[in-house]
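Trainee: After the structure tokens below, expect a handful of questions from me.
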Amino acid sequence: MNSEMAPSAQIPASIEVERKFVPGPDVEKKLCTLGAVLLEELTFRDSYYDSPDLLLTLNDNWLRRREDSWELKHPPQKGARGLKGAATQYMELTSEDDIICRVSEELGVPCPINIESFGLNEFASFVTRRRRFLLPLAEHSNTKVVVDLDEADFGFAVGEVEVLVKTQEEIESAFQKVEEICRQLGVFRETPVQGKVSTFLQMNCADHFRKLVEAHVI
């Protein structure tokens, strides 16, 4: 954290602070013990895109089409990495205009009329079945904690504890919160747990995966 940053310094979009975990057979029972409620069950397809020279993902920018909507995740600070220890921090863009501006900046090309006009390649596509839980608010806290339990159609399951924050000053406490929840669920690990995309790449696109490891993205 930068102690010289003004306390009111705002970031224009929410920052997702997440910690992935390997879900055991009793994780839902433990969630219920913590008072969590099942918010929704979803099934969706994610397709991920990059340039032929992998400029987006090698700079930790993750462009995907979730069903019919485009989304882009990137680190809050330019040139940084989203992975911090065993947790991650990313901003998510959902406006196509904002996504186009960011992608054009990363690729060093003029802004086209739409995302498809970048001519990017699909490098991963899979279906996820998700069960999303909301934990009760802690006393004197407005911080919502969401837990997702995901099963991908290529035989991989992963859980995520997620907290959304608005300012850089809140990030450290969010890291502590997701770690605390992982400990309460009995799934805490000191080292990072791979997510769906990195596992898909390891299984299907070994060269891409190797380059991301060498770039310290994953």
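The values are calculated or read from the model by the stated rules, or taken from the named source; none is laboratory data. Given the structure is predicted, the values throughout are model-derived calculations rather than measurements. Positions of Cβ are backbone-derived with ideal geometry, glycine not excepted, and every protein chain shown enters the neighbour counts. Quick note on the areas: whole protein, heavy atoms, side chains included, nothing else; ligands and nucleic acids left out. Shrake-Rupley method; radii C 1.70, N 1.55, O 1.52, S 1.80 Å.
Trainee: Taking a probe of 1.4 Å, how large is the accessible area per residue of the chain, in Å²?
Mentor: About 52 Å² of surface per residue is accessible.
Trainee: Quick check: residue separation of residue 33 and residue 176 times 0.36 nm, minus the Cα distance between them. What number comes out in nm?
Mentor: 49.4 nm
Trainee: Sticking with this structure for a sec: Need one number: convex hull volume per residue for the chain, Cα atoms only, in Å³.
Mentor: 134
Trainee: How many angstrom lie between the C-alpha centres of segment 70-85 and segment 106-160?
Mentor: 13
Trainee: For residue 143 and residue 205, FRET efficiency with R0 = 41 Å and r from the beta-carbon atoms, rounded to 0.05?
Mentor: Efficiency, from the Cβ-Cβ distance: 0.65.
Trainee: Carbon and sulfur: what percent of the chain's accessible surface (1.4 Å probe)?
Mentor: 50
Trainee: Same structure, new question: Among 30/84; 30/177; 20/84; 73/196, which pairs are too far apart, with a Cα-Cα distance over 20 Å?
Mentor: Violating the 20 Å limit, Cα to Cα: 30/84.
Trainee: Working with all protein chains in place, sort 160, 96 by solvent-accessible area computed with a 1.4 Å probe, largest first. Let's see the in-between values first.
Mentor: Working: 160 20, 96 80 Å².
Accessible-area ranking of 160, 96, largest first: 96, 160.
Trainee: How much of residue 203 can a 1.4 Å solvent probe reach, expressed as accessible area in Å² and rounded to 10?
Mentor: About 110 Å², ignoring ligands and nucleic acids.
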